[in-house]
1. With the alpha-carbon atoms as the only input, what is the per residue convex hull volume for the chain in Å³?
2. With every protein chain left in place and a probe of 1.4 Å, what is the accessible surface of Asp32, to the nearest 10 Å²?
3. Can you list the aspartates and glutamates whose alpha carbon sits under 19 Å from that of Lys71, skipping same-chain ones fewer than 8 residues off?
4. Calculated from DSSP H runs of 4 or more alone, at -39500 (n - 2.57) each and per residue, what is the 222 nm mean residue ellipticity of the chain, nearest 500?
5. When the Kirkwood hydrodynamic radius is evaluated over all pairs of different C-alpha atoms of the stretch 4-153, what value in angstrom, to one decimal, is obtained?
6. Between the alpha-carbon centers of the stretch 13-65 and the stretch 73-124, tell me the distance in whole angstrom.
7. Give the ranking of Met188, Met84, Met29, Met12 by solvent-accessible surface, highest area first, calculated with a 1.4 Å probe.
Amino acid sequence: MRKKIVAGNWKMNKPLEDGLKLATEVINMVKDEVRNEALAVLCTPFTNLYSVGKLLEGSKIALGAQNCHSKDSGAYTGEISAEMLKSVGVKYVILGHSERREYFKESNQFLAEKVNTVLKNGLTPIFCCGESLDQREKGIHFDFVNSQLTESLFHLSEADFSKIVIAYEPIWAIGTGKTASSAQAQEMHEKIRTHLAGKYGKAAQETSILYGGSCNPGNAKELFACKDVDGGLIGGASLKSRDFVDIIKSF
Ligand code: PGA
């Protein structure tokens, strides 16, 4: 059975006190209301990880980070290593978010190195892929997403590949209020799974593929009902406890 996952990507929001308040609300609502098996993950800014991680102890919610460096340690001023994330209780790391690809020029090759480092430290990458509107309109969106997956993941052994979570996030849907329709999401998720199966065979049936891009309590149910959509990576709506928990309850 594929794991159902709803991961909140707080991005560069929530100073410590606000983050602790949000996490506390989510923990309490999840405890009181969530009866399904979905795994919730809170991907907070680095500065909140340790403290939010302490709050999450004993809850059913996992701690996630939004990025890490590819190297183990050393002279990389301002960077954070996978080992450091692990030391504060992180279990999941978002890699290759389109904002990092766009603003920080992260390439598929650099992301392949990050994937290796995250796996080596026993953490789970949430590997993001997704096309721009221009690529979709040109009809090259399937090829583009496949190349992101091939170039960053296809060097992995089957054992390592089986630890990866994928997040499909069409760039035109992120933070725009313009969600992919459930048909568009399902179509791409199925293409992704087929592409992964071409390399890893049956293991691809066990890969959780999350949808991200303006997912909210109003559309989550329909998206999550799609055969190949195994949950969501939630940006804006994860900053409101009520919305985020309602999304978790949408399975
Ligand atoms: P959004 O962001 O839900 O605000 O569109 C999703 C993401 O960027 O992970």
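The values are calculated or read from the model by the stated rules, or taken from the named source; none is laboratory data. Just so it is clear, the model here is predicted, and its values are computed rather than measured. Just the protein is used for accessible areas: all its heavy atoms, side chains included, with ligands, DNA and RNA removed. Shrake-Rupley method; radii C 1.70, N 1.55, O 1.52, S 1.80 Å.
1. Cα convex hull per residue, to the nearest whole number: 117 Å³.
2. Approximately 100 Å² of Asp32 is accessible to the 1.4 Å probe.
3. Glu79, Glu83, Glu106, Glu113, Glu151, Asp160
4. So the calculated ellipticity at 222 nm is -12500 deg cm²/dmol.
5. After inverting the pairwise mean of 1/r, the radius is 16.4 Å.
6. 20
7. Met12, Met84, Met29, Met188
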